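Q: Before anything else, here's the structure in question.
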Amino acid sequence: MFPVVVHAQQSWLVYLKDKQHNDFNPYTYFDAKAIERRIRTGIPVDDPSDWPVNENYTNEIASLVDEVFFASRWFNAVVVQADIHQMSRVSRLPFVLEIEQLETEEVHLAEYQEYDTTMNPNEAEVLKGQIGTLGAAEWKKAGIDGKGLRIAILDIGFDNADKVPAFDHIRAENHLIATYDFTNRKNGDFVYYGSGHGTQVWSCIAGKIDDIQIGLATGAEFLLAKTEKRSEKYSEELNWLAAAEWADKNGADIINSSLGYTGKRYFNWQMDGKTSFVTRAANTAARKGILVINAAGNEGEDEWHYIGAPADADSALAVGGIDPSTGFHTGFSSYGPTSDKRMKPNVSAFGHVIAAAPNKLNSTQGTSFASPLVAGFAACAWQTNRSLTNMQLFREIEKSGSLYPYFDYAHGFGLPRASHFLAGKETTPLPTFNVTERGDSLIIILNNVSVAGESNQGSANPELSAEEVQRPAKSAGEDYFYYNIMNKSGVIDSYYVLKASQPEVVTILKSDFIDGQVLNMHYKGYSETIKL
Amino acid sequence: MKKLITFLLFAFSVAAYSQEILLEQNVKADTIRPSRGPNLKNFTQGYLGVGFPLFTNEAVTYTKPGLSTSFDFGVRYKRKVCSHFALGLDFGFNLSAYKLKQDEWKMVPDTILNDKEKFQINTAAGSAFMRINVGRRGNYIGNYLDMGAYGGWNISKKHKTTNENAEGEKVKVLTGRLKYIESFSYGLLARVGTNRYAFTARYRLSDIFKSSYAMPELPRLIVGIEVGLFK
């Protein structure tokens, strides 16, 4: 159980054998919204996994170790700092089930890079597109703004978020419910220091300046949790768990986590949805009825290449990044699938955005910002139908994707569409291509070829009006031809995106494929599957 | 993977009618779990190091501290046994220059005083080591302690003096294939590192000078730093 060489103080997770109900009253322990979520989604209100950790056990452990960081009711465990000799004594306690040593690596952020802050016409177009492609105009017309939904943001810090005007409307309506700094275990203003990353993330969910929206869920309520420090040595995944439990207790419906953990502590093949600590925490949060939305990661151009944890969790909606100028996958956005071959990312949104930084609106990029755009979308979608459970909503968001039912491991199901959630908006797509058999060949012929790849960039005025921002945006990727080859296990072997400039777009030799493989295609909203 | 052909139609010009592949990913090719990497079963890397001989009781009297140097370069192979333990081999070259103090205590190789004087000993050496890693990690080398032993053949054994003659000319005398220097050397080594960087220490157990010449030894302990050369 103990590693070979450990002499210094370490962090440990001490799993306990049992809990006692005692006088636990969920109605006084939880925020009313947490109770409401449990009832609405059919989750037991008085569930053993919600009972607090036995205080006697915690006290007894505390007497043997240097420090008890926190007690996890979900994992029925206590996180402590101690040396190996102290842990040896802890391990002999009769109520200790198992001890897990926690790691001491540095934090990895799903942050990419900040741009210059000047708003040029292209950046104004990006601001318009980042919510326009997610149906800002339709949500606005339907009067949907995430009202009634409570969103927890787990991030590295929210510099100046208590002053940034992009959140004036939230403060004015008392929609900022609570904040907590898990890195110092303190309530209050401590979250407003450390990094502007969380400030920008929050703005991509609900920011609004002078009636110009940055995110979609301007009417939602918020919980802000600081879970990381830039030089944090070991506790960021633990803080994630503690923050998720705190979010649950305080009635969060959605968690946005623009954080990820990859190569410094894990191997690619451990991205299997069950190995990493934070992934298990994310899945547990989902089991409590919370929709967990996580950035896919920014390792698409790195050796790591794949999504990180907890985006690999089967119950976490992983969000990949789209390049607004091309309309398809942006290079840095991490690829799926998970190591056990599940589709990731689930959906995509702009990975290049305009966000409210601590001091000004600026241009920035990373799946860190695609994730909150979708979190804002999810709040709006959930507002349309509060009877959906979190996982039902998860599936509906996938179904709303611009590529659905087609998917690949760069885009998932594509950009979520508001029309899926707004009655009377969806239409059955007509075929946009034909597949002709000629000898051993399958020839795919497009019906209406337009010059693809033309982005929606133009000579926009950087000082956009609210109306301009709200207008429906055309995705540059709509004209691309997508196809993949899937094996009989349902796993994609290879996938492609083509810029179609002629009717005969692809010819495939059937004899080159093995039985059971299928060809999936998508063009201009229409998808088709053919057995090879 | 199986062949998949994207046809290019050439009606007027290639540029006007060819299809452009914007994104292509072959997932099948990525399913093979690699066995080579910093924290995988096999790992090979290059290294560059520089060290400085530290005093010994004998040598303190005649080597110039700080000016004498020992450069290392070579290739290292590591085989992972488990997350916390690995075994490895090095093969490389060591270029050591021992610059000698010119004072009344000088005894090596003689008592004659020169303007400058040094031994240059180049060695082709191999070593074996065991590595203890601390902490679970991904495909990174991580924090480690190496302990091992080395042995090598002194392929170049030179003595060099530099003096200025009465005419102000610089006279350099280089003597090679020195008979009083041993042909082989061996000793112990240790490294404490984190990922690409390490502090190194090497302690020579063998003598440099043949015992029949009864000369006091050059410094045995060399400490320095090392940079790993890998992607």
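Just so you know, all these numbers are worked out from the coordinates, no wet-lab data involved. Remember, predicted model here, so these are calculated numbers, not experimental data. Heads up, the Cβs are rebuilt from the backbone with ideal geometry, glycines too, and the neighbour counts pull from every protein chain shown.
Q: Quick check on the protein assembly as shown: helices-only [θ] at 222 nm, where DSSP H runs of length 4 and up contribute -39,500 (n - 2.57) each and the sum goes over total residues. Nearest 500, please.
A: Values: 14 runs with 126 residues, N = 763.
Calculated at 222 nm, the ellipticity per residue is -4500 deg cm²/dmol.
Q: Rank-order A:377-384, A:158-165, B:194-201 by packing density, defined as the average count of other C-beta atoms within 10 Å over each peptide's residues, highest first.
A: Numbers: A:377-384: 27.4, A:158-165: 20.1, B:194-201: 15.9.
Top to bottom by mean Cβ count within 10 Å: A:377-384, A:158-165, B:194-201.
Q: Can I ask one more? Scan around B:F85 for amide H atoms under 5 Å from its own, H built in the peptide plane at 1.01 Å from N, and keep only partners 5 or more places away or cross-chain.
A: B:N133
Q: Would you mind working out the magnitude of the charge dipole of the protein assembly as shown relative to its Cα centre, with +1 at each Lys and Arg C-beta and -1 at each Asp and Glu C-beta, to the nearest 20 Debye? It would help to have the intermediate numbers written out before the result.
A: On the way: 80 positive and 86 negative charges, 486 e Å.
It comes to approximately 2340 debye.
Q: For B:K170, list the lysines whose Cα falls under 20 Å from its own Cα; do not include residues on the same chain fewer than 8 positions away.
A: By straight Cα distance, B:K170 reaches B:K99, B:K101, B:K116, B:K118, B:K158, B:K160.
Q: Still on this model: Quick one: of the DSSP bridges fully inside chain A, what percent are antiparallel, nearest 5?
A: On the way: 62 of 90 bridges.
Roughly 70 percent of the beta bridges in chain A run antiparallel, per DSSP.
Q: Moving on. Order by neighbour count: A:R280, B:R36, A:R150, B:R137, fewest other Cβ atoms within 10 Å first, most last.
A: Numbers: A:R280 19, B:R36 10, A:R150 25, B:R137 22.
Ordered from fewest to most neighbouring Cβ atoms within 10 Å, A:R280, B:R36, A:R150, B:R137 come out as B:R36, A:R280, B:R137, A:R150.
Q: Next question, about the same structure. So what are the radius of gyration and Dmax for the Cα set of the protein assembly as shown, in Å?
A: 32.4, 106
Q: Which one, A:N346, B:V81, A:S276, projects farthest toward the positive side of the charge dipole computed for the protein assembly as shown from Cβ point charges (K/R +1, D/E -1)?
A: Value: B:V81.
Q: Which of the aspartates and glutamates could be linked to B:K172 by a straight reach, that is with a Cα gap under 16 Å, when you skip same-chain ones fewer than 8 residues away?
A: Excluding near neighbours in sequence, the set is B:D115, B:E117, B:E164.
Q: Okay, next question. Hey, got the Cα dimensions of the stretch A:10-101 along the principal axes, in Å, largest first?
A: Dimensions of the stretch A:10-101 along the principal axes of its Cα atoms: 47, 22, 18 Å.
Q: Rounded to the nearest 20 debye, what is the charge dipole size of the stretch A:10-101 about its Cα centre when +1 sits on each Lys and Arg Cβ and -1 on each Asp and Glu Cβ? Let's see the in-between values first.
A: Working: 9 positive and 14 negative charges, 48 e Å.
It works out to roughly 240 debye.
Q: On to the next question. Identify, among B:N39, B:N154, B:G66, the residue whose Cα sits farthest towards the positive end of the charge dipole of the protein assembly as shown, taking +1 on the Cβ of Lys and Arg and -1 on the Cβ of Asp and Glu, with the dipole about the Cα centre.
A: B:N154
Q: Can you put A:M343, A:M87 in order, fewest other beta carbons within 10 Å first?
A: Values: A:M343 19, A:M87 23.
Ascending number of Cβ neighbours within 10 Å: A:M343, A:M87.
Q: Sticking with this one: Taking the Cα centre of the protein assembly as shown as the origin and placing charges on Cβ (Lys, Arg +1; Asp, Glu -1), which of A:P121, A:F182, B:N26 is farthest toward the positive end of the dipole?
A: Result: B:N26.
Q: What are the ³J(HN,Hα) couplings of the stretch A:355-372, residue after residue, when phi is run through the Karplus curve with 6.51, -1.76, 1.60 and θ = phi - 60°? Round to Hz, x for glycine and proline.
A: For the stretch A:355-372, the Karplus-derived couplings read 9, 8, 7, x, 10, 6, 5, 9, 9, 8, 9, x, 5, 3, 9, 5, 4, x Hz, x marking Gly and Pro.
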